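Quick notes on the structure that follows.
The numbers here are math on the coordinates, done by the rules we state, and not lab data. This is a predicted model, so every value here is computed, not measured. Every residue, glycine among them, receives a Cβ derived from its backbone with ideal geometry; neighbour counts consider all protein chains shown.
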Amino acid sequence: MNKRLVIALGGNALGNSPEEQLKLVEGTASTIVDLVEEGYDVVIGHGNGPQVGMVNLAFQFSAKNGGGTPRIPFPECGAMTQGYIGYHLQQAVGRELVRRGINKPCITLVTQVVVDNNDPAFEHPTKPVGMFYSKEEAEAIMATTDYTFVEDAGRGWRRVVPSPAPVKIVELPVVEHLVDAHAVIITVGGGGIPVIENKPGDYTGVAAVIDKDRASARLALDLKADMLVILTAVEKVSINFGKPDQRDLDTMTVSEAKEYIKQGHFAPGSMLPKIESCIRYVERSKGSKALITSLEKAREALQGRTGTVITID
């Protein structure tokens, strides 16, 4: 039986426009198929922060400025980005599988993820989506919409939306079936479309974005994956990042990770949600490990030659 990997792709694996994304996913596909060649069944989650904000704002702008388009609710914007990001990944991975003579299907599954309507995240929007704006541009948009903008790590101002915790993946049985068939699956795109479960089989979408690392950790637990792999822009997790005494970590136990969090080593909008997702997965997965590394170094990291591995104490 093949080992199961759930991979969470960071924003560096995708683009801020369809044209940029088409170029970037070629390298992403090569890395994914590297892991398939290593004998893993691969399930892929990805973010959609820039894309969902872009789609939502485009419809909003068009509706207000004579474009003749309706306002599109945020959950539908999430579904659209799942489709077009998955389409790009699916094409690139499929081509690479064929090029290497690997007879496996690659499929994108539009995925809903149940959240709790009483999640406190709905009272405190924190998840950045969309493009960066100047302070003046952000204030002008807030003056005419109900959007909330915040300054994002010195890079500009971005809209923030609620980021509730994932409770249940609606299409999990389908994902399990596809894994058993050894397909390469793209699922929980953008963290999944957030929905409230009114009663069994009855769901309503909500305006939010689930963190893709948290959704991928939920998926890895539910699939009983052998490892959660979070691919980001750095080869290893560091403490004292960007300082003269920066130290890259080869391994980290859950207790060490929690202590580093207390000490403030991980930025809330960057490495912190990745570390927290790994902690949740490792604590609940009965001995499985989590791995954080760069997209380019994924194969080497799975061979134990780089990356940061998070384990239970």
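Looking across the stretch 196-206, just one residue is in contact with a Pro (Cβ under 7 Å, 6 or more places away or on another chain) and of a type in the set (A, V, I, L, M, F, W, C), and that is VAL206.
Taking the stretch 154-177 as the range and being among the hydrophobic types (A, V, I, L, M, F, W, C) and within 20 Å of ASP213 (Cα to Cα) as the test, the residues that pass are VAL160, VAL161, ALA165, VAL167, ILE169, VAL170, LEU172, VAL175. Taking the stretch 166-198 as the range and being within 14 Å of the chain's Cα centre (by Cα) and in a loop (DSSP other than H, G, I, E, B) as the test, the residues that pass are PRO166, THR187, VAL188, GLY192. Across the stretch 108-152, the number of residues qualifying as surrounded by 12 or more Cβ atoms within 10 Å (Cβ to Cβ) and either in a helix (DSSP H, G or I) or aliphatic (A, V, I, L, M) (or both) comes to 16.
Selection of helices (runs of 4 or more DSSP H) fully inside the stretch 199-284 by the criterion of at least 2 residues being closer than 29 Å to VAL42 by Cα and touching a Gly at 6+ places or on another chain (Cβ under 8 Å) returns 212-222.
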